[in-house]
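The values are calculated or read from the model by the stated rules, or taken from the named source; none is laboratory data. Being a predicted model, the structure only gives us computed values, none of them experimental. When we count neighbours, we look across all protein chains shown, and the Cβ atoms used for this are built from the backbone with ideal geometry, even at glycine. Only protein heavy atoms, including side chains, enter the accessible area calculation; ligands, DNA and RNA are left aside. Shrake-Rupley method; radii C 1.70, N 1.55, O 1.52, S 1.80 Å.
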Amino acid sequence: MKYCSSRGLESGLSFRDVLFAGYAKDGGLYVPEEFPKLTLDELKSMAHTSYPGLVFEMARKFISEQEISSVQLKDLIDNNIKKFTTPEVVEIKQLNGELNIVELFHGPTLAFKDLALSVVGGLLNFYLKESQQKITILVGTSGDTGSSALMSVRGEEHTDIVVLLPHGRCTRIQELQMTTIIDDNVHIYRGKNILN
């Protein structure tokens, strides 16, 4: 699997390259050079797969075996999803009749962003440990992005995270989720003029 810029000026990049790059150098977004296709049989076989199993199956289509082995990827996903309060991670509840609702709030910060950021944080940490490099993540937030990003990398020696939080412009619980994390790699700045 190789990635290119949506504006066409970059190509042939690995998953690791684009994970650490952010936006493409030409201002575009990174996308796969070829999108993986799922057959009907593959979709049917996933119908009763666990959420961690689905994450693994989808990630395997976008991250080559040369970049992270299947055993390492499965362990990474399993270890980062342990933080969720229910083994199913995502639950589907039936309301009345045929109406169902998907519960996406079982992560450590009760936000749907925990679903993605827990795995992204794990991938960042995997590659940083492998290369013995360190990065700083800068987050500007007015709510759940900051909390989820913090939880995904808190306590990790190869990652510092700096969160800019506008005072009084997010919910009390979100503010507490960010300002009560005491880890050496977590840095919170709360101010009245941040993000205006």
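A search for C-beta distances below 7 Å between a residue of the range 123-140 that is farther than 18 Å from residue 14 by Cα and any residue that is in a helix (DSSP H, G or I) and not charged (D, E, K, R), counting only pairs 6+ apart in sequence or on different chains, returns 134/128; 135/128; 137/149; 137/153; 139/145; 139/146; 139/149.
Which members of the range 1-35 meet the condition of being charged (D, E, K, R) and not in a loop (DSSP other than H, G, I, E, B)? Result: 16, 17. Taken together, the criteria place residue 145 among residues that are within 13 Å of the chain's Cα centre (by Cα), at pLDDT below 90 and open to solvent by 10 Å² or more (accessible area, probe 1.4 Å). Taking the criterion of being open to solvent by less than 40 Å² (accessible area, probe 1.4 Å) and at positive phi, the only residue of the range 85-114 that qualifies is 89. Considering each residue of the range 90-97 in turn, at least one proves to be in contact (Cβ under 8 Å) with a residue 12 or more places away in the chain and of a type outside the set (A, V, I, L, M, F, W, C).
From the list 74, 82, the one residue that fits, being charged (D, E, K, R), closer than 24 Å to residue 150 by Cβ and open to solvent by 80 Å² or more (accessible area, probe 1.4 Å), is 82.
Residues to consider are 54, 43, 38; find the one that is of a type outside the set (Lys, Arg) and either part of a loop (DSSP other than H, G, I, E, B) or modelled with pLDDT of 95 or more (or both). After ruling out the rest, the residue left standing is 38. Scanning the range 150-166 for residues that are aliphatic (A, V, I, L, M) and open to solvent by 10 Å² or more (accessible area, probe 1.4 Å) returns 151, 162, 164.
When the range 1-48 is limited to residues that are of a type in the set (Val, Ile, Thr) and open to solvent by less than 50 Å² (accessible area, probe 1.4 Å), the one that is nearest to the chain's Cα centre (by Cα) turns out to be 18.
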